[in-house]
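The values are calculated or read from the model by the stated rules, or taken from the named source; none is laboratory data. All figures in this text were calculated on a predicted structure; none of them were measured in a lab. Here the Cβ positions follow ideal geometry from the backbone for every residue, glycine too, while neighbour counts run over all protein chains shown.
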Amino acid sequence: MKADLDRFMEADGIDAIVILPHENEDPYRTYLANGAHFGGMVVKKRGEQPVLIANGMEVDEAAKSGLTVYSWEDFGLGELLREHKDDRDGAMAEWFRRIFEKTGVQGSITIYGVGDINAAYRTILLLTEHLGEQITIVPAKIRNNIFNKAYETKDTDEIVRLRDVARRTSAVMRATREWISTHRAAGEVVVTAEAAPLTIGDVKRYVRMQLFAQGLEDPEGMIFAQGRDAAVPHSKGEDDQPLTLGQTIVFDLFPREPGGYFHDMTRTWCIGHAPDEVQADFDAVLEVYQRSAEMCKVGVVTSTVQRMVCEFFEEKGHPTVLNTPGTSEGYVHSLAHGLGLNVHEAPYFPNYSEDYRLQKGSVFTLEPGLYYPDKGYGIRIEDTVFLNESGALETLTDCPYDLVIELNG
């Protein structure tokens, strides 16, 4: 969690973190700035609170963080740009030098941000050239950097927010299921009261209205995929496709509070009835979901849970990523991922690596699935869960698992 950042920085030999300024939303900046929304820079020295440097138009927003805030002009940005004219690099080098001098940044620093990669690369070159005697830029590790380590557990305030987003997201999922059930069938197609086909686009529009009413946003774009599309795990579905009886629908909903924390859940539905093969595979997915939940205890290496799921499916004749790498049918992905300001973050559940152990405060999904594109169906069940202070697994998602939606229209 965030309180552990200094310890992780010390272990990696990092003296300071710098989040580069840019206008994009940035989970790193949001994390260090206590959720404040602004487009500026964050500087955090090891053992000290972060310092925010904001555009003058956003100083008040940055101040909501409760942290020390400076404006860009406190370091003379406008004056430097006028003085250096066409030499923007020279102006920016002096600007950073003033900021680092004021905040006491020196030694080994690591740089983060989700802005334009070319701008970030140019800034890194500029800092190395002009401030190389003062700082050394240390590349962050992939999937094992100080932020990923911090993301592996959540503090009490984060759990409160994650629980609230879960409550609201679950309400939207339940409302959507109920709304679909109010329609009727004409032949094999679900239709509205006006006898028009009910399409995936219609459902997504309904979901977006429900999300808006719950104060949630859908920045990544929900998955509502039917038939063969449901067998391609990240297919978003085709908006003009009518809902059809007996076909699987994978509805993966992962909204967030505006600019904040995500929830992630998936349900698989068949309208009217489920084919026998689909029902059998759905039962297997639900069973292994329950088995994986039982395994998730404090201290457990996450890859052992992933391997259990693979072995369970393989015993039932399904190919998996464990022994059929690259398979596009059967069980084709990892069991789980952490969740927070990112929809995918640590802890991860790899096939082989033992890098990740579950801890009190770990928040993560559980999402086993089976996918058969050639047979035209896919199945996934997903909840978000966490290990509470007593070490017990709690499910944040609150929605029935029932496969079949009966039509009552």
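Checking each residue in region 340-398 for being of a type in the set (D, E, K, R) and within 15 Å of the chain's Cα centre (by Cα) picks out GLU345, GLU367, GLU382, ASP383. Picking from residues in region 252-282 that are closer than 19 Å to GLY376 by Cβ and among the aliphatic types (A, V, I, L, M), the one that is surrounded by the fewest Cβ atoms within 10 Å (Cβ to Cβ) is ALA280.
Which of the residues spanning region 108-124 are farther than 26 Å from ASP6 by Cα, modelled with pLDDT of 90 or more and either surrounded by 16 or more Cβ atoms within 10 Å (Cβ to Cβ) or not polar (S, T, N, Q) (or both)? Before you say what the answer is, go through the steps one by one.
We begin by selecting, within region 108-124, every residue farther than 26 Å from ASP6 by Cα; these are 116-119, 122.
Retained after the next criterion (residues that are modelled with pLDDT of 90 or more): 117-119, 122.
The answer is ILE117, ALA119, ARG122.
Taking first residues from region 360-378 that are under 14 Å from VAL288 (Cα atoms) and in contact (Cβ under 8 Å) with a residue 24 or more places away in the chain and partners that are of a type in the set (Phe, Trp, Tyr) and assigned to a helix (DSSP H, G or I), the Cβ contacts under 9 Å between residues at least 6 apart in sequence or on separate chains come to LEU366/TYR289; GLU367/TYR289; PRO368/TYR289; PRO368/PHE312; PRO368/PHE313; LEU370/PHE282; LEU370/PHE313.
Name the strands (runs of 3 or more DSSP E) wholly inside region 1-111 in which the number of residues that are among the hydroxyl-bearing types (Ser, Thr, Tyr) is 2 or more. Write out each step before concluding.
Values: elements: 16-19, 41-45, 51-54, 68-71.
Hits in region 1-111: 68-71.
Starting from region 67-89, take each residue that is touching a residue at least 60 places away in the same chain (Cβ under 8 Å) and list its partners that are surrounded by 13 or more Cβ atoms within 10 Å (Cβ to Cβ), counting only C-beta distances under 7 angstrom and pairs at least six apart or across chains. Hits for this filter: zero, empty list. Apart from one condition, ARG228 fits all of (1) free of Cβ contacts under 8 Å to residues at least 60 places away in the same chain; (2) more than 29 Å from GLU345 (Cβ to Cβ); the exception is (1).
What number of residues within region 357-380 satisfy the criterion of being surrounded by fewer than 22 Cβ atoms within 10 Å (Cβ to Cβ) and within 27 Å of ILE249 (Cα to Cα)?
Start the filter on region 357-380 by keeping residues that are surrounded by fewer than 22 Cβ atoms within 10 Å (Cβ to Cβ), which leaves 357, 359-361, 372-376.
Now narrow it down to the ones that are within 27 Å of ILE249 (Cα to Cα): 372-376.
Here the count works out to 5.
Among the residues here, ASP4 does not qualify as more than 19 Å from LEU339 (Cα to Cα) and either assigned by TED's automatic domain parsing to the domain that holds LEU341 or of a type in the set (D, E, K, R) (or both). Only one of the numbered conditions (1) farther than 19 Å from ASP281 by Cα; (2) without any contact (Cβ under 8 Å) to a residue 60 or more places away in the chain; (3) not hydrophobic (A, V, I, L, M, F, W, C) is violated by GLY391, and that is (2).
Condition first: touching a His at 6+ places or on another chain (Cβ under 7 Å) and touching a residue at least 12 places away in the same chain (Cβ under 8 Å). Now tell me which residues in region 322-344 satisfy that. Walk me through it before giving the result.
Kept after step one, since they are touching a His at 6+ places or on another chain (Cβ under 7 Å), are these residues of region 322-344: 330-331, 337, 344.
Those that are touching a His at 6+ places or on another chain (Cβ under 7 Å) and touching a residue at least 12 places away in the same chain (Cβ under 8 Å): GLY330, TYR331, HIS337.
If the condition is being out of contact with any strand residue (DSSP E or B) (no Cβ under 7 Å at 6 or more places or on another chain) and farther than 17 Å from THR248 by Cα, then region 188-201 contributes THR192, ALA193, GLU194, ALA196.
Considering only residues of region 233-262 that are within 15 Å of LEU162 (Cα to Cα) and of a type in the set (A, V, I, L, M, F, W, C), which is farthest from the chain's Cα centre (by Cα)?
Initial filter on region 233-262 (within 15 Å of LEU162 (Cα to Cα)): 253-262.
Still in the running and of a type in the set (A, V, I, L, M, F, W, C): 253-254, 262.
Working: LEU253: 11, PHE254: 8, PHE262: 6 Å.
The extreme case among them is LEU253.
Taking residues in region 263-289 that are closer than 22 Å to THR384 by Cα, and partners anywhere that are in a loop (DSSP other than H, G, I, E, B) and among the acidic types (Asp, Glu), the pairs with Cβ atoms closer than 7 Å and at least 6 places apart or on different chains are THR266/GLU367.
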